[in-house]
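Here, each number is a calculation from the coordinates, and none is a lab measurement. Fair warning: this is a prediction, and the values are worked out from it, not measured in the lab. Glycine gets a Cβ as well: all are built from the backbone with ideal geometry, and neighbour counts include every protein chain shown.
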Amino acid sequence: MTPSERLSVEQLAERVGMSVRTIRFYAGRGLIPPPVREGRNGFYGADHLARLELVRELQAHGFTLSAIEGYLERLPADATPGDVALQRTMLAPWLSDLPEAVDRETLERRAGRSLSDDDIELLVALRVVEPTPDEDLFRVAPAHLSVGIGLMNLGLPVDGAIEAERIIESHARAMAEELTEVFRVKVLPHYRASGEPPEAIAAIIEQFKPLTVQALVTAYESAVNETKRATIRRRT
């Protein structure tokens, strides 16, 4: 650890957005290595920073503390800060805007219209809006909300909208599982075998996300066009 990389526990806490007490608790549980001691002072570096950022990412995915401990235990003993950061990149959510809890007034303001109880029920059924234990709050992602409001504005029948959502959800989940397996088995090992540093692989993964989404959109558009042509051929 060079002098320029050394962070006090207070500086580390500020960098990762955690309290000093939380960092010391995590250190006591073995989630990060002990600080480097110089006399009575302890210093932290890039490895501590990368691991705490990974912990925060795992927490955002709803992992319990014991699950996070198990995940970190499976990291190679010689994992570099870049290797740990790569793990975080692969876990990072694909949505640009994460769901957040909002009250009804905020939900209506973001929707750009007033929402009746039936409207809320439809958005919940479409899984655009999620109820929370607090009856006055709803969890919603801006990108999901815009799609839900768009469907509502088209005046789609409720049963048709819900069935369409069910079909999209089931096929999207299947594609996500299969593509994730392809990435894990074939794509990531290829990049690692090429000798690319973890930082470069992380940058490639960030570019891979929007390209994959666009490929799925393009494939869907082509499939719809082919389906329409097939329907016309059958009718004629």
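Key figures for this structure:
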{"read-out": "Projected area averaged over orientations for the chain, convex hull of C-alpha atoms, nm²", "value": "18.3"}
{"read-out": "Added length on full extension, which subtracts the Cα-Cα distance from 0.36 nm per residue, residue 153 to residue 136", "value": "3.7 nm"}
{"read-out": "Max mean-square fluctuation residue, GNM over the chain, Cα-Cα springs under 10 Å, options 35, 76, 99", "value": "76"}
{"read-out": "Between helix 142-153 and the chain: long-axis angle, C-alpha atoms, 0 to 90°, nearest 10", "value": "10"}
{"read-out": "Rounded to 10°, Cα long-axis angle of helix 198-235 versus longest principal axis of the chain", "value": "10"}
{"read-out": "Proximal charge balance of residue 53 [Cβ under 12 Å; K/R count +1, D/E count -1]", "value": "+2"}
{"read-out": "Distance in nm between pseudo-label sites at residue 186 and residue 10 (7 Å out along the Cβ direction from Cα)", "value": "5.4"}
{"read-out": "Residue-count net charge about residue 190 - beta-carbon cut-off 12 Å; Lys, Arg +1, Asp, Glu -1", "value": "+2"}
{"read-out": "Net charge of Cβ neighbours under 10 Å - reference residue 101; Lys, Arg +1; Asp, Glu -1", "value": "-4"}
{"read-out": "Dimensionless Rg/Rh of segment 169-235 - Kirkwood Rh, Rg from C-alpha atoms", "value": "1.17"}
